[in-house]
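The values are calculated or read from the model by the stated rules, or taken from the named source; none is laboratory data. A quick note: this is a predicted structure, and the numbers were derived from the prediction, not measured. All Cβ positions, even for glycine, are placed from backbone atoms using ideal geometry, and neighbour counts span all protein chains on display.
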Number of protein chains: 2
Amino acid sequence: MTGPVNRRLLLRRRPEGRVTLDDFTFARETIPQPNDGEAVVRVLFLSIDPTNRIWMTDVDQYMPPVAIGDVMRGAAIGIVTDSRSVRYPAGAYVSGLLGWQDYALVSDSGPSSPNVLPATLPVPLSAMLGVCGLTGVTAYFGLLDIGKPKSGDTVVISAAAGAVGSIVGQIALLHGCRTVGIAGGPEKCAWLRELGFHAAIDYKAHGWRDALAEATPNGIDVYFENVGGEIMDAAFERLALRARVVLCGFIANYNSGTRADGNFTPLLMKRARAEGFIISDYRGRWLEAVAALAGWVAAGKIRYRETIVDGLERSVDALNMLFDGTNLGKVVVRVAEPDASAP
Amino acid sequence: MTGPVNRRLLLRRRPEGRVTLDDFTFARETIPQPNDGEAVVRVLFLSIDPTNRIWMTDVDQYMPPVAIGDVMRGAAIGIVTDSRSVRYPAGAYVSGLLGWQDYALVSDSGPSSPNVLPATLPVPLSAMLGVCGLTGVTAYFGLLDIGKPKSGDTVVISAAAGAVGSIVGQIALLHGCRTVGIAGGPEKCAWLRELGFHAAIDYKAHGWRDALAEATPNGIDVYFENVGGEIMDAAFERLALRARVVLCGFIANYNSGTRADGNFTPLLMKRARAEGFIISDYRGRWLEAVAALAGWVAAGKIRYRETIVDGLERSVDALNMLFDGTNLGKVVVRVAEPDASAP
């Protein structure tokens with residue numbers, strides 16, 4: 001094939017355990033041509049999220065799993081390069097489920113049509129996937145709407161140095177909460193302290209459960225769960241009366257299946273509540289969250305980090321960073337340089 | 001010792017697994033004498049509840065465990081036989097944590113002072129522990145306040161032929177819910193159908209999980225949990241979007257410790273909520289529930305059964321019925337005949 005091609009990661013089989021490139025076919029196809037009401041989007045940044053891993057697995061979940069042979073589903077930002085659409089004019093930046101590929105064909109009326117980004121952005125383009133995108137909005141509604149923290153509450157966050165966790169913690173601080181992060185390794189914990197967390201617990205260190213108990217002398221009022229497994233177990237032992245557990249994710253379990261086992265007894269004994277949520281339910285309130293987040297970023301009250309991985313072919317590596325815990329903040333794959341892609 | 005004595009079941013050691021009489025000292029003491037502001041209560045009926053088993057175990061719970069050497073804690077109804085109290089006049093019936101003994105000394109000002117029952121009762125005396133007592137009130141607030149069923153919802157109840165479960169199901173029916181009970185054995189299931197349950201699943205029968213799936217074609221909107229273990233697992237697989245799980249108890253786990261393991265994944269995937277509660281938090285709203293329950297009983301809209309076991313010395317046997325599932329409805333121990341006990 002000569003000339004520009006559309007590289008696409010097609011799911012070849014359901015991964016067992018850790019994902020490898022062999023689980024995908026790296027297809028090279030022609031760039032799609034738009035019909036009336038359609039546009040072609042050059043993918044610029046992929047959002048790498050734990051949920052990508054869930055979508056590869058054939059279990060009951062909040063969307064159907066990716067079908068074998070289909071392009072891998074993923075949130076992304078891109079620029080319209082070829083348009084026969086009113087909604088998506090050439091040169092517009094869009095955000096949505098564009099998939100792990102160079103070019104996506106989008107349609108004015110599709111059920112998962114991407115959103116057009118405003119002309120002026122509050123943060124750099126890639127951060128529209130992070131602090132002012134899916135990640136930040138997840139942190140915002142998960143903490144405030146499900147966790148309902150009050151000033152003076154103790155809020156504990158697992159995967160606290162991750163994309164969502166680091167934002168959750170800073171929002172908790174802004175709400176007057178004693179904020180404790182659980183993360184793996186001294187570098188991440190140092191960053192959390194830099195962000196103002198009252199305590200950072202390194203779960204890879206000896207005696208971390210005792211450290212968690214010391215950091216939560218009055219128990220845990222809000223526990224924001226991204227991990228599951230023994231970290232969840234340890235936090236559950238510290239739940240305070242009428243604690244709220246925000247179930248955001250269970251990354252400890254996604255490679256081994258998705259069953260997240262845990263201990264329900266503290267929920268009973270402490271009259272506590274555990275509740276799952278999915279950010280797509282908050283579509284109607286998206287702007288509320290983005291406005292608040294953008295304001296906090298502008299005021300220097302929320303800081304964020306990104307781990308940028310270059311190249312579509314490294315998407316699997318980027319995803320595995322989440323499972324290895326080698327990232328700080330949001331992981332994005334830069335598929336193409338924004339400036340080089342304008343039509 | 002001659003003359004009347006106060007027989008008392010004192011906790012001798014923490015039971016391992018199934019409770020036996022050897023876990024208690026069956027003491028014979030003199031009947032206490034009231035001082036000013038005190039009264040002596042002849043215990044008539046003991047309320048036998050799964051929580052008795054929890055109180056024997058030294059785990060984190062909503063009250064301290066019973067101390068070794070102390071009389072076994074238990075809800076009961078009795079009659080005042082000897083009084084130097086204004087609050088508890090001789091002849092009054094009282095309800096409270098009187099303990100597993102013949103006579104309890106109660107005080108006007110104690111933190112767990114019993115309540116005086118009204119002179120006219122809506123149900124027989126023993127049922128003031130059941131349908132119009134702790135059991136019924138637990139069913140009422142657990143279902144309505146935590147489960148928040150709407151007309152047309154599917155409500156599933158484990159231990160549905162038990163004291164709490166059988167009332168929960170009938171309240172759900174009164175609220176227009178499709179009501180499915182899970183119970184052990186054909187006799188219990190027949191009773192649930194007689195009460196109007198839309199379906200009764202015998203978890204001891206082959207293929208019961210399929211039967212549960214068939215009985216809940218639209219999933220489960222409210223799951224009222226009394227059991228834990230594999231019954232909870234099966235119900236969790238059927239949770240509908242935004243389901244509410246009422247955590248009332250985990251009797252499957254109380255003999256083996258109290259850790260109730262379960263699967264948190266459906267809570268995440270279905271944006272569902274699991275919440276524990278304890279009925280003592282509803283002290284201020286007690287009359288609301290009793291009034292509603294008494295009205296439904298009077299109108300024939302709620303029916304109840306009791307399993308009455310005679311003799312204080314059989315309290316442990318009575319408790320084990322809950323774990324063996326050999327009871328229908330509320331288990332009470334008749335310690336003394338009400339009529340023979342008037343002072």
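The listed residues are B:A336, B:A289, B:A294, and the only one of them that is within 21 Å of B:V5 (Cβ to Cβ), surrounded by 15 or more Cβ atoms within 10 Å (Cβ to Cβ), among the hydrophobic types (A, V, I, L, M, F, W, C) and touching a residue at least 12 places away in the same chain (Cβ under 8 Å) turns out to be B:A336. Out of (1) in the same structural domain as A:I48 (by TED's automatic domain parsing); (2) in contact with a strand residue (DSSP E or B) (Cβ under 9 Å, 6 or more places away or on another chain), the odd one out for A:N218 is which? The failed condition is (1). So which residues in the range A:158-213 are in contact (Cβ under 8 Å) with a residue 12 or more places away in the chain and of a type in the set (D, E), if there are any at all? The answer is A:E187, A:D202.
For A:V290, the stated conditions do not hold, so it cannot be described as of a type in the set (A, V, I, L, M, F, W, C) and under 19 Å from B:K270 (Cα atoms). Among residues that are acidic (D, E) and surrounded by 17 or more Cβ atoms within 10 Å (Cβ to Cβ), A:E313 is not included. The number of residues in the range A:194-247 being polar (S, T, N, Q) and more than 19 Å from A:S151 (Cα to Cα) comes to 1.
Condition test on B:R73, is it more than 25 Å from B:R244 (Cα to Cα) and either part of a loop (DSSP other than H, G, I, E, B) or among the acidic types (D, E) (or both)? Taking the combined requirement at face value, the residue satisfies it. Of the residues that make up the range B:44-51, is at least one over 27 Å from B:V227 (Cα atoms), touching a residue at least 40 places away in the same chain (Cβ under 8 Å) and out of contact with any Phe, Trp or Tyr (no Cβ under 6 Å at 6 or more places or on another chain)? Yes, the range B:44-51 contains at least one residue that is over 27 Å from B:V227 (Cα atoms), touching a residue at least 40 places away in the same chain (Cβ under 8 Å) and out of contact with any Phe, Trp or Tyr (no Cβ under 6 Å at 6 or more places or on another chain). Specify the residue that is farthest from the chain's Cα centre (by Cα); the eligible residues are those in the range A:237-267 that are of a type in the set (V, I, T) and at the interface with another protein chain (Cβ under 7 Å from one of its Cβ atoms). That would be A:T265.
If the condition is being more than 7 Å from every other protein chain (Cβ to nearest Cβ) and of a type in the set (K, R), then the range A:271-314 contributes A:R283, A:R285, A:K301, A:R303, A:R305, A:R314.
On the basis of being aliphatic (A, V, I, L, M), in contact with a strand residue (DSSP E or B) (Cβ under 6 Å, 6 or more places away or on another chain) and away from every other protein chain (no Cβ under 11 Å), does A:A234 make the cut? No: the conditions fail for A:A234.
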